[in-house]
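Chemist: Okay, handing you the structure first.
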Amino acid sequence: MTENIYLVMLLLFSAGIILPILTSGSPKITNILAHGLAVLGCLAIVACSVEVFMTGGVTFTYAMGLPVGSLIIRIDNLSAFFLLALGVVGTAASIYALGYSREYYKQRLGLMAALYNCFILSMALVLTVSQVAYFLIAWELMTVVSFFLVNHEYEKTANTRAAYKYILMTTLGTVFITTAFLILTMTVHSLDFQMFKGASLTSTMRNIVFFCALLGFGTKAGVIPLHIWLPEAHPAAPSHVSALMSGIMIKTAIYGMCRFFLEFLGVGPAWWGEVVLFLAIISSVLGVLYALMQNDLKRLLAYSSVENIGIILLGIGAGMVFMSNNQPVLAGLAFAAGLFHLFNHAVFKSLLFLGAGSVLYSTHTKNIEDLGGLIKKMPYTAVFFLTGAAAISALPTLNGFVSEWLTYQSLFYLPQAVTGILPRLGSVLLIALLGLTGALAANCFVKAFGVTFLAKPRSKHAEQAKEVPATMLTGMGLLSLMCFALGVWPQGMLKLLQGVLSQFAGLEVSTLFNHQWYAAAFNIPQANGVIAMPVVVGMLVLGLIAAVLVYNFNGKPKNVEGETWTCGIIPNARMEYTATGFAQPVRRAYKAFLRTKDTVTADKSLNPYHGVKMKMTVGISYLIDVWLYRPVKKGILFLVNRVKPLQSGNLQHYIGYVLLVTVVILILGVRW
Amino acid sequence: MSVLFMIIQVVVLAVLAPLVAGVIKNTKGKMQSRRGPGYFQVYFDLRKYFKKDNVISPTVSWIFLAAPYIYFATALGAAALAPTLLFDRGLHYDSIFVLIYMLALGRFFLALASLDAGSTFGGMGGSREMFINVLVEPVMMLTLFTVAMRANSTVMSQMAGAAAASGISLSAILAAIAFLILTVAETGRIPLDNPDTHLELTMVHEGMVLEYCGRSVGLIFWGSAIKQLVTILLMVNFFLPWNPVGSLPPVVWMILKVLVIAVVLAGIETSTNKMRLFRLPGLLIATGCLSLLAIIAM
Amino acid sequence: MTLLTILLLAGAVILTRVSSLRTAVGILGLQSVIVALACLIFGLKTGEFHMYIAAVLTAVIKVGLIVYSLWRVTLQLKHEREIANFNVSFLLAIVAIIVSYGFVNKVLPHMAGETLGAAIALTMIGLLMIIARSQAIMQVVGLITMENGLYLLGLSITKGLPLIIEMGIFFDILVAVVVLVILTHRLKYSFETTDTSILNELKG
């Protein structure tokens, strides 16, 4: 049954790849066909994953007649979990694309639609293929297809630059991934993932595999300091693709890490987990700090993805520490926290990207300084974006809160698992820094939502905005509903996670949660916390009822319209607080990490005394760029300049080099 | 049963919160050699607010109108969660994280509302409030962590129990000092904020709600009073859990301690100056160091 | 056979000292004739029928078509001369001969006939011509020389390649020369010279 659904899924996406190219005559037909097929395909993915959860994992093998062996598709609960995220987000994004693609009717829509289908297909393959060679092929396919999607609007130079940075970095990552796989393959003499389980490696080799997997997948996931491609590539892609890239593609890297750290390598030393935690906390704090500084809506969201990958890795890193410390229940809690946050982030980050896409669709600008007042022009989009913003700020009764709560809970037990005063202090600081991350995220999304949607429009673009078509709203609405559903009743997801994690040695999740209809209690010795979201919802609803009652206690108030107080002048949009201004206190307080350079220039040409035009530019330099990438770049340039004279451009010289090399080889060959 | 108790606790705290605010105002007045407003002045203010009609800017959206309700609801939710030692909740849903994020929800919407009216004051207030929150939140986590570690639980009723069971120690005192500073920050008082001013250079919370009037402002002020009482309750039950030997029941001790903290807050506010906004990171880093020391000393 | 080999090498060495294009093409034709003869001799020796066909093909294509087309081109390029340091090329050619004979002696002592060493030497001299000459025609001549060397190599090692491969090679070289002749025409047309060193100016 699962196999049939899987094959149908493959068929649907293949049709989705081929048909748009055949129907290049009419963009309308292309749009409906391609994205309709993508919706169906994504539903097939969801069906596939549900089927696996209901009836257990499946394996099927196809002899492909290629020298690299036969294709093994294996869908276990871990794959199914990621497939579920892909299916849900993919469905919403594809429905959204039906409307959003109108922007691209004159911009190579057929190509984009075909690539889009291919992109989803490649991610589905990455998550299900269980054979090294085909996994790497699928992985590279995903990279290449997304590279083309990032570069789709190549008319803008920035996009092309972003795309090349992206392909460069991820190719570097693939080198590490391939190395990790090769070491495993050479040890067990098999390309099948299943054979890797418990491969007998020496501890040095294990460490090498660990680092290769961490660096390789970390590049794709966008872990700082390997993140530099992410904030440029994600904004460059069309919005529904950005949603998938941020929502799912970077999560496939986490899938790879889970495979390696949970399955292939087994329980490792505690410092593995500590390394992951270190990278994770740097990613989350710096990621959100940089996000707060952005004024490009999509770039802001991209940086926030870096932050959330950090939070996911906090759960996974803590889980690894617990595993090596032989605390399977706590390890289960930590991994559940990480994976839960992964699913949540997939949902709300895609929602936010789709929301940003809607803003882009109707205003044609991503710069939030030019926006404002959209809540009146686009009321539904505003509600959906607000849902996403609240969810990503971990506000209660939305899904982000539940997973952050779980992450806090698992970090809370971390100081007991590590030894030595410094690691203990470090693990205590993790909680404080996660709190800092949460506060910065709230700050960031107050800014993003407030400046984009509230107050008065700051430009003509924003004034002329219109609500987006129904298909786009449906896509966003679907994800908003998911945010609420997962937040109000997380027990379902927790149960699913129990199924996902129970297959791994070193984790004990079967007794972790004590499920009731209104709560899931942790069965952790000495401490019995409870996740009772329905109770929290009840409190808030009762509170709201009380507020309404109190408000109307003396009868309904009379509402009079009166202009906003601006010291007696009629307010206009230029008096509003700007996004740059809103972030200014944090920018100043965190100077050390941002190295800001604010310059104010006054144009006195009109009048030397008054009526002077002021212009302020804010420069931020990114620490990782300054400390890591620039020296590397300089070094490479230096070397290249040394080698450059060899590259004369004269064909005869090149033939000469060939002759020289031949002679040298001949001489070496006879060992004169 | 526990639901009934919870509702009673919310009602009691909501009713008493303005009184605590009144006590602080009165004490402050006395310390400044004035008579000060009466203990019940805040009630009168609220009654007046709730009789008034609203003036609403044409710029605002539904966010502006909804924010006071949400703020008030989160304050009530916080009141429902606050540790009072009066009853055992049986079901341990009262995690410290729920409380912190409940307050964050209210703050989030108030900050959005501050941007909604399109005035510079509002935006500035919202920006600063979120900034101070960025500074306070990690330190808050650290300080509460000291108690949570002692209880080995993040459930507040258990934390309060564990705090009460432990004796006076260096760690506890350091944590108490740290949390006192955080209480000042959370309740928006000098030296971090000034609750009595409407001067644009100094206001933070007041700037944020500048556009509100009538019943909305009533909801917000009442909500703030409840939030203040909840913070003081956290201080009392987590960081000053010791009762001098005596035959008085613990509830009476708790009420007394709340009043003492109220007086201390008034004292701090009278005796210090408002700090510049960019001096605050230093203060809060120092506070964070105190809590780290408290954890090391444990 | 030995005589033919010596003649071949001598031709190649002289080729490194030639500055007139037409002389070079002439020597090339002579060389090709020798190769065809060598082919014929091999055929007589081994009695393989396809060697005769190969000899005929060599005569027709290398001696006939290629030399004819190059000759046609050189007739139009009356003012073109090769300007290069002939002494250095000459010395290098001598060194190439010594190195190749030494190499064959060292690696394949049982094959140490003159033909193998001469073939390698011829290939290297051809390559040297391509590198060291700036006139397009001279480079083509170098290419054919190299080809002749390779042909000789195949001849001396395998006693004749299969016919189908030889025909492929002939066709290949014919096409290459045709293309190069056309390119030379274009070069003359665009730059009024066939000196390839001016192409360096195209570098960005």
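Throughout, read-outs are computed from the coordinates displayed, never taken from laboratory work. Because the structure is predicted, anything quoted here is derived from the model rather than measured. Here the Cβ positions follow ideal geometry from the backbone for every residue, glycine too, while neighbour counts run over all protein chains shown.
Chemist: Applying 1/(1 + (r/R0)^6) with R0 = 22 Å to the Cβ-Cβ distance of A:SER70 and A:GLN194, what FRET efficiency is obtained, to the nearest 0.05? Provide the component values of the computation, followed by the final result.
Modeler: Working: r = 14 Å, r/R0 = 0.61.
Between A:SER70 and A:GLN194 the formula returns 0.95.
Chemist: Set Lys and Arg Cβ to +1 and Asp and Glu Cβ to -1, take the dipole of chain A about its Cα centre, and tell me which of A:GLY669, A:GLY373, A:LEU414 lies farthest positive.
Modeler: The residue sitting most towards the positive pole is A:GLY373.
Chemist: Order of B:CYS213, A:CYS567, A:CYS48 from fewest to most other C-beta atoms within 10 Å? Each step should come with its number before you reach the end.
Modeler: On the way: B:CYS213 17, A:CYS567 10, A:CYS48 28.
Lowest to highest Cβ neighbour count: A:CYS567, B:CYS213, A:CYS48.
Chemist: In addition: What relative contact order, as a whole-number percentage, does the stretch A:376-429 give when Cα pairs under 8 Å and 6 or more residues apart are counted? Working shown, then result.
Modeler: Working: 26 pairs, mean separation 9.3, N = 54.
Once normalised by length, the contact order is 17 percent.
Chemist: To the nearest 20 debye, what charge dipole does the stretch A:255-406 have about its Cα centre, counting +1 at the Cβ of each Lys and Arg and -1 at the Cβ of each Asp and Glu?
Modeler: 380
Chemist: Would you pull out the residues with amide H under 5 Å of A:ILE531's amide H, same chain only if 5 or more places away, H placed 1.01 Å from N?
Modeler: For A:ILE531, the qualifying residues are A:ALA520, A:ALA521, A:PHE522.
Chemist: If the chain between A:TYR518 and A:TRP565 were fully stretched, how many nm would it gain, using 0.36 nm times the residue separation less the Cα-Cα distance? Working shown, then result.
Modeler: Details: separation 47, 0.36 × 47 = 16.92 nm, distance 4.63 nm.
Roughly 12.3 nm would be gained on extension.
Chemist: Treat every Asp and Glu Cβ in the stretch B:2-297 as -1 and every Lys and Arg Cβ as +1, leave all other atoms uncharged, and give the resulting dipole magnitude about the Cα centre to the nearest 20 debye.
Modeler: On the way: 20 positive and 14 negative charges, 136 e Å.
The calculated dipole for the stretch B:2-297 is roughly 660 debye.
Chemist: Which of A:GLY619, B:ILE226, A:TYR551 sits farthest toward the positive end of the charge dipole of the protein assembly as shown, with +1 on the Cβ of Lys and Arg and -1 on the Cβ of Asp and Glu?
Modeler: Of the listed residues, the answer is A:GLY619.
Chemist: Find how much the distance from A:GLN464 to A:LYS597 grows on full extension, using 0.36 nm per residue of separation minus their present alpha carbon separation; answer in nm with one decimal. Present the calculation step by step, with values, prior to reporting the outcome.
Modeler: Details: separation 133, 0.36 × 133 = 47.88 nm, distance 3.43 nm.
Taking A:GLN464 through A:LYS597 to full extension adds about 44.4 nm, to one decimal.
Chemist: For every helix of n ≥ 4 consecutive DSSP H residues, a contribution of -39,500 (n - 2.57) applies; sum these over chain B, divide by its total residues, and give [θ] at 222 nm rounded to the nearest 500 deg cm²/dmol. Numbers along the way, then the final one.
Modeler: Values: 11 runs with 206 residues, N = 298.
Mean residue ellipticity, 222 nm, calculated: -23500 deg cm²/dmol.
Chemist: Looking at A:PHE53, A:THR511, C:ILE182, which one has the Cα that reaches farthest to the positive end of the dipole of the protein assembly as shown (charges on Cβ: Lys, Arg +1; Asp, Glu -1)?
Modeler: Looking along the dipole axis, the top candidate is C:ILE182.
Chemist: Above 48 Å lies some portion of the pair distances; for chain A, what is it as a whole percent of all C-alpha pairs? The partial results should precede the final answer.
Modeler: Working: 40958 of 225456 pairs.
Tail fraction, whole percent: 18.
Chemist: Report the Stokes-Einstein translational diffusion coefficient (µm² s⁻¹, integer) for the stretch B:1-113, Rh taken as the Kirkwood radius over Cα pairs, at 20 °C with viscosity 1.002 mPa s. Spell out each step's value before the answer.
Modeler: Numbers: Rh = 16.5 Å.
D, rounded to a whole number, is 130 µm²/s.
Chemist: Across the Cα atoms of the stretch A:267-510, what radius of gyration and what greatest pairwise Cα-Cα distance (Dmax) are found, in Å?
Modeler: Looking at the stretch A:267-510, its Cα Rg and Dmax stand at 19.2, 61 Å.
Chemist: Could you work out the mean projected area of the convex hull around the alpha carbons of the stretch C:2-199, in square nanometres to one decimal? Working shown, then result.
Modeler: Numbers: hull surface 41.9 nm².
The number I arrive at for the stretch C:2-199 is 10.5 nm².
Chemist: With N set to the number of residues, divide the alpha-carbon radius of gyration of the protein assembly as shown by 2.2 N^0.38 Å and report two decimals.
Modeler: On the way: Rg = 38.8 Å, N = 1174, 2.2 N^0.38 = 32.3 Å.
That ratio works out to 1.20.
Chemist: Grab the beta carbon distance between C:ILE6 and C:HIS50, set R0 = 30 Å, and tell me the FRET efficiency rounded to 0.05.
Modeler: Working: r = 27 Å, r/R0 = 0.89.
About 0.65, to the nearest 0.05.
Chemist: Compactness ratio of the stretch A:629-670: Cα Rg over 2.2 N^0.38 Å, N = residue count?
Modeler: On the way: Rg = 15.2 Å, N = 42, 2.2 N^0.38 = 9.1 Å.
That works out to 1.67 for the stretch A:629-670.
Chemist: Size of the stretch A:392-520 along its principal axes in angstrom, Cα-based, largest extent first?
Modeler: Sorted from largest, the Cα extents of the stretch A:392-520 read 60, 36, 25 Å.
Chemist: Roughly how large, in nm² to one decimal, is the mean projection of the convex hull of the alpha-carbon atoms in the stretch B:2-297? Write down the numbers at each step before the final one.
Modeler: Details: hull surface 61.7 nm².
For the stretch B:2-297, averaging the hull's shadow over all directions gives 15.4 nm².
Chemist: While we're on this one: Could you pull out every residue, at least 5 positions away or on a different chain, whose amide H is within less than 5 Å of the one on B:VAL55? Hs are placed 1.01 Å off N in the peptide plane, and Pro or chain starts have none.
Modeler: Amide H neighbours of B:VAL55: A:VAL560, B:CYS213.
Chemist: Rounded to the nearest 10 degrees, what's the angle between the helix C:49-58 long axis and the longest principal axis of chain C, both from Cα atoms, 0 to 90?
Modeler: 20
Chemist: Arrange B:VAL245, A:VAL329, B:VAL147 by Cβ neighbour counts within 10 Å, fewest through most, would you? Present the calculation step by step, with values, prior to reporting the outcome.
Modeler: Values: B:VAL245 6, A:VAL329 19, B:VAL147 28.
Result, fewest neighbours first: B:VAL245, A:VAL329, B:VAL147.
Chemist: From the phi of every residue in the stretch C:77-89, what ³J(HN,Hα) in whole Hz does the Karplus formula 6.51 cos²θ - 1.76 cosθ + 1.60 yield, where θ is phi - 60° and glycine or proline is x?
Modeler: Coupling constants for the stretch C:77-89: 9, 5, 9, 8, 9, 7, 10, 7, 7, 5, 4, 5, 5 Hz.
Chemist: What order do you get for A:HIS234, A:HIS341 when you list them from fewest to most C-beta neighbours inside 10 Å? Could you put the intermediate results ahead of the total?
Modeler: Working: A:HIS234 30, A:HIS341 26.
Ascending Cβ contact count within 10 Å gives the list A:HIS341, A:HIS234.
Chemist: How large is ³J(HN,Hα), in whole Hz, for each residue of the stretch B:54-61 in order, when computed from phi with the Karplus curve 6.51 cos²θ - 1.76 cosθ + 1.60 and θ = phi - 60°, using x for Gly and Pro?
Modeler: Listing the rounded values in order: 10, 10, 10, 5, x, 6, 7, 10 Hz.
Chemist: Residue by residue through the stretch A:14-25, what is 3J(HN,Hα) from phi via Karplus (6.51 cos²θ - 1.76 cosθ + 1.60, θ = phi - 60°)? Round to whole Hz and write x for glycine and proline.
Modeler: Computed from phi, the couplings for the stretch A:14-25 are 4, 4, x, 7, 7, 4, x, 6, 6, 9, 5, x Hz.
Chemist: Moving to a separate point now. Grab the beta carbon distance between A:LYS156 and A:THR662, set R0 = 41 Å, and tell me the FRET efficiency rounded to 0.05. Let's see the in-between values first.
Modeler: Working: r = 47 Å, r/R0 = 1.13.
Approximately 0.30, to the nearest 0.05.
Chemist: Another question, then. Which chymotrypsin sites (Phe, Trp or Tyr not before Pro) from the stretch B:114-181 combine a DSSP loop assignment with at most 14 other Cβ atoms within 10 Å? Before the final figure, lay out each step's value.
Modeler: Numbers: sites: B:PHE121, B:PHE131, B:PHE145, B:PHE179; in loops: none.
In loop regions of the stretch B:114-181 (DSSP not H, G, I, E or B), there are no sparsely surrounded chymotrypsin sites (Phe, Trp or Tyr not before Pro).
Chemist: Another question about this same structure. Let me spell out the model: positive unit charges on the Cβ of Lys and Arg, negative unit charges on the Cβ of Asp and Glu, origin at the Cα centre of chain A. What dipole size does that give, in debye rounded to 20? Numbers along the way, then the final one.
Modeler: Working: 43 positive and 25 negative charges, 368 e Å.
The dipole of chain A has a size of about 1760 debye.
Chemist: Over the alpha carbons of the stretch B:102-255, what is the largest minus smallest coordinate on each principal axis, giving the biggest first in Å?
Modeler: Computed over the Cα atoms, the extents are 53, 30, 26 Å.
Chemist: Just the projected area, averaged over all directions, of the convex hull on the alpha carbon atoms of the stretch A:578-619: how many nm²?
Modeler: On the way: hull surface 14.2 nm².
Hull-based average projected area comes out at 3.5 nm².
Chemist: If the viscosity is 1.306 mPa s and the temperature 10 °C, what Stokes-Einstein diffusion coefficient in µm²/s follows for the stretch A:175-283 when Rh is the Kirkwood radius over Cα pairs? Walk me through the intermediate numbers first.
Modeler: Details: Rh = 14.8 Å.
The diffusion coefficient I find is 108 µm²/s.
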